[in-house]
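J.: Below is the structure I would like to discuss, written out as structure tokens.
Since every read-out is calculated from the coordinates, none of them should be taken as a lab result. What you see is a predicted model; the values in this text were computed from it and never measured. Note: ideal-geometry Cβ built from the backbone for every residue, glycine included; neighbour counts use all protein chains shown.
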Amino acid sequence: MKLVKNPLGYIFTFIKDRLGDILSGFVFWLPIGILILVGSYIYSNLEDLGGSFLLFLLPEKLINPGFGIILWIIVFLLTGIILKNTPAGNILSRLPVLGTFFRRKGGTVITFKRLLNLTPCLFLLSPTCPSYGWIISEEEIKLNDEKTRFPLINVYYPNVPTIITGQIFPVRKETVIKLGNPSREIIDLLLYSLRSPKNILYLPWKEENEEEFKKRAEYFGLNIGTS
């Protein structure tokens, strides 16, 4: 005899799944709705303000809808040009996060696009604290016109959660381990482990043999000699 399963279980499961679908849709549309509302509010206020200012300069019959916004676009454009070509822009460029918008052309800015093309790494921020970062460049050190045996690695250490702001530290090469993981995985890991990689992949330097790599890994408390 075939047993009939409880139909209420199917109903509750169906309702639970549909509620999950509704929640997913709500989470998707919520930020979009907020952006639309905020954008609409800002647009209408700028339009009214710009239109009111134009009334002092032009007859009302010459002012059409949208002229207020056009006025603000011109104001923003001229302000941006002035700030990027005067000392005021240099002062504002020192502001955290917002300073990026005031930098003159030719400067170096860490962006997500650039970060995705850099090699991620682990480096010793302190003797007992390995930290994630990205390799910017390698610098050869000379002493009395002779190369030394301790090249420095310029490592970008990001602030969380902004990621694109941070500091660049010159770090001894032997205290840096390259990672074989894509930069996107390390970014996700730093963003409070929203998505964690399955494994962290360690890579030796090009000129480093296996024995040297294993010995150097002891700085990080890694026992990679056994598998």
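J.: In nanometres, what is the gap between the two model label sites at PHE220 and SER196, each 7 Å from Cα along Cα-to-Cβ?
T.: 1.7 nm
J.: If R₀ is 22 angstrom, what is the calculated FRET efficiency for the pair PHE112 and ILE32, using the beta carbon separation as r and rounding to 0.05?
T.: Values: r = 21 Å, r/R0 = 0.96.
The calculated FRET efficiency here is 0.55.
J.: Can you tell me which of 28-40, 73-85 comes out highest on packing, and rank the rest after it, using the mean Cβ neighbours within 10 Å?
T.: Working: 28-40: 10.1, 73-85: 12.0.
The packing order, highest mean first, is 73-85, 28-40.
J.: From the residues ASN159, LEU124, SER24, which one has its Cα farthest along the dipole of the chain in the positive direction, the dipole being from +1 and -1 charges on Cβ of Lys/Arg and Asp/Glu about the Cα centre?
T.: Sorting the options by dipole projection puts first SER24.
J.: Let me ask another. Rounded to the nearest angstrom and ordered from largest down, what semi-axes does the equivalent ellipsoid of region 6-70 get from its C-alpha gyration tensor (root of 5λ)?
T.: Numbers: eigenvalues 539, 14, 7 Å².
Sorted largest first and rounded, they come to 52, 8, 6 Å.
J.: Hydropathy at least 1.6 by Kyte-Doolittle, axial extent at least 18 angstrom from the Cα trace: which helices of the chain, defined as entire DSSP H runs, fit? Don't skip to the answer; put the middle values down first.
T.: On the way: long enough: 7-54 (69 Å, 0.99); 67-84 (26 Å, 2.54).
For the chain, where a helix must reach 18 Å along its axis and average at least 1.6, the hits are 67-84.
J.: Return the loop-located chymotrypsin sites (Phe, Trp or Tyr not before Pro) in region 138-207 (DSSP other than H, G, I, E, B) with at most 14 other Cβ atoms within 10 Å of their own Cβ; answer none if there are none.
T.: Numbers: sites: TYR156, TYR192, TYR202, TRP205; in loops: TYR192, TRP205.
In loop regions of region 138-207 (DSSP not H, G, I, E or B), the sparsely surrounded chymotrypsin sites (Phe, Trp or Tyr not before Pro) are TYR192.
J.: Average projected area of the Cα convex hull of region 112-220, in nm²? Intermediate results must be reported in sequence, preceding the final value.
T.: Numbers: hull surface 30.7 nm².
Projected over every direction and averaged, the Cα hull of region 112-220 covers 7.7 nm².
J.: Something else about it: Taking all pairs of distinct Cα atoms, average 1/r, flip it, and tell me the Kirkwood hydrodynamic radius of the chain in Å to one decimal place.
T.: Values: mean 1/r = 0.0423 Å⁻¹.
For the chain, inverting the mean 1/r across all distinct Cα pairs yields 23.7 Å.
J.: At 7 Å along the Cα-to-beta-carbon direction for both ASP145 and LEU19, put a label point, then send me their distance in nm to one decimal.
T.: In this crude label model, ASP145 to LEU19 measures out at 8.0 nm.
J.: Let me ask something else about it. Positive end of the dipole of the chain, charges at C-beta (+1 Lys, Arg; -1 Asp, Glu), about the Cα centre: which of ILE73, ILE36, GLY180 has its Cα farthest in that direction?
T.: The listed residue farthest towards the positive side: ILE36.
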